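Scroll down for the structure; my scribbles are underneath it.
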Amino acid sequence: MKLASRLVLAFALVALFASGITAALVWQAQQQRVHRFLDRDLPRAIEGPHPPAKPPRFFEEQQRLLRELREANLRAALIALVVALGVGGGLAWRMTRPVSELTRATRRYAAGDRDARAQVRGRDELAELARAFNELAERLQAEEELDRRRVADIAHELRTPLQVLKGELEALADGMLDPDPETLERLVEEVDHLALLVGDLRLLSLAESGGLALEPVPYDLAELLEKSAEAFAASAEARGIALELDLEPTPARIDPARLRQVVFNLIDNALHHARTRVRLGCRLEGGRACLWVADDGPGIPEADRPRVFDRFYRADPARSRSSGGSGLGLAIVRAITEAHGGEVAVENRAGGGAVFRVCVPADAAG
């Protein structure tokens, strides 16, 4: 039985019960009053110590009066029942209409209509339920759209190296290319790029699903940045870029291997944009251990800043996969940082360039 039918039936039963009890009480009271009036009050009203005997017709009139009173009570109970059914039906319809609309919207969404939304009326609990459904539908729609874009981006990134490999291998098979060291080196580079891309995608998937295994230990961010700068010293010197350090003791509780990957990605990104120098620094800020990597490049356009941590997003269209990266570096930075319970942000420097700031929980013992 539907909710509306149950509500109408409930109203009817309540009305029937209430009118029945009322009619019984009224009938009992009326019967007592009529008998008392006819047996006691009426004789007293007649003059004389000995009232006249009641004729038989008097009793017939008494019974007729009681029948009329009983019928009036029954009519009143029926009228109350009809009114209760009408009012209850109207209230039940108004109360269940939002539920019915929400049910229809849910079925449309389940059938594939991702634009299905429930109408929100009023401020009661049913309106809150409809509003919650709409918010859930919008969030799911956004996530599905993001997943579609991710799949398209992954397919695009995989297509190029696979096409190169296919072309080179077909040329080798047809005898159009000799398997010389240069050709084999190009093939190995494409395979390495595919391996890097697959590894980065796996890391992102683990981090976003909460499956990234971390082994946090007390570790000084100053030591981490100093070792990272040494690892990039030769690359920076080859580009003519100076690596500057602004380090303070910054005890943190991190997985050193994972956070080293964050720092490496940030330094590599900064070296691609810097003109003359990249500056690394760290310090404690409000109970958090923070590090930053700043460059003196052109900075990030305001329109691109909200998306720089998205997968495969490049603020500079000129930077393609030929630069050697997988296009997932900054996305990995955000994923690993959030897995540590921290946060990452980017802003432009007043004098030019961009600053990437990573903050993670500090080591309480430090």
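The values are calculated or read from the model by the stated rules, or taken from the named source; none is laboratory data. Note that this is a predicted model, so its numbers are computed, not measured. Glycine also receives a Cβ, built like all others from the backbone with ideal geometry; neighbour counts cover every protein chain displayed. These accessible areas exclude ligands, DNA and RNA; they are computed on the full protein's heavy atoms, side chains included. Shrake-Rupley method; radii C 1.70, N 1.55, O 1.52, S 1.80 Å.
Details
Here is a yes/no grid of residues against (1) open to solvent by 30 Å² or more (accessible area, probe 1.4 Å); (2) modelled with pLDDT of 90 or more:
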position: LEU271; (1), (2): no, yes
position: GLU285; (1), (2): yes, yes
position: ALA303; (1), (2): yes, no
position: ARG321; (1), (2): yes, no
position: GLU343; (1), (2): yes, yes
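- When GLU185 is tested against (1) closer than 30 Å to LEU280 by Cβ; (2) assigned to a helix (DSSP H, G or I); (3) open to solvent by 40 Å² or more (accessible area, probe 1.4 Å); (4) of a type in the set (Asp, Glu), just one condition goes unmet, and that condition is (1).
- Near pairs, Cβ below 6 angstrom, 6+ apart or cross-chain, from the range 162-178 (at pLDDT 80 or above) to any residue that is in a helix (DSSP H, G or I) and among the aliphatic types (A, V, I, L, M): GLU168/LEU187
- Close pairs (8 angstrom Cβ cut-off, 6 or more residues apart or separate chains): open to solvent by 60 Å² or more (accessible area, probe 1.4 Å) in the range 196-209, hydroxyl-bearing (Ser, Thr, Tyr) anywhere: LEU196/SER326
- Exactly one residue among ARG94, ARG108 is out of contact with any Cys (no Cβ under 9 Å at 6 or more places or on another chain), modelled with pLDDT under 80 and either of a type in the set (S, T, N, Q) or part of a helix (DSSP H, G or I) (or both), and that residue is ARG94.
- One residue from ALA142, ALA130 being part of a helix (DSSP H, G or I) and surrounded by 13 or more Cβ atoms within 10 Å (Cβ to Cβ): ALA130
- Residues of the range 202-223 that turn out to be assigned to a loop (DSSP other than H, G, I, E, B) and touching an Asp or Glu at 6+ places or on another chain (Cβ under 8 Å), as a count: 3
- Test: residue in the range 294-306 that is on the phi < 0 side of the Ramachandran plot and assigned to a helix (DSSP H, G or I): yes
- Matching residues, the range 233-257, being open to solvent by 70 Å² or more (accessible area, probe 1.4 Å) and either outside any strand (DSSP E or B) or more than 20 Å from ALA222 (Cβ to Cβ) (or both): ALA234, GLU237, ALA238, ARG239, GLU248, PRO249
- Filter result for LEU225 (in contact with a strand residue (DSSP E or B) (Cβ under 7 Å, 6 or more places away or on another chain), closer than 26 Å to ILE154 by Cβ and buried (at least 20 other Cβ atoms within 10 Å of the Cβ)): no
- On the stretch given as the range 145-182, residues that are open to solvent by less than 90 Å² (accessible area, probe 1.4 Å) and part of a helix (DSSP H, G or I) total 20.
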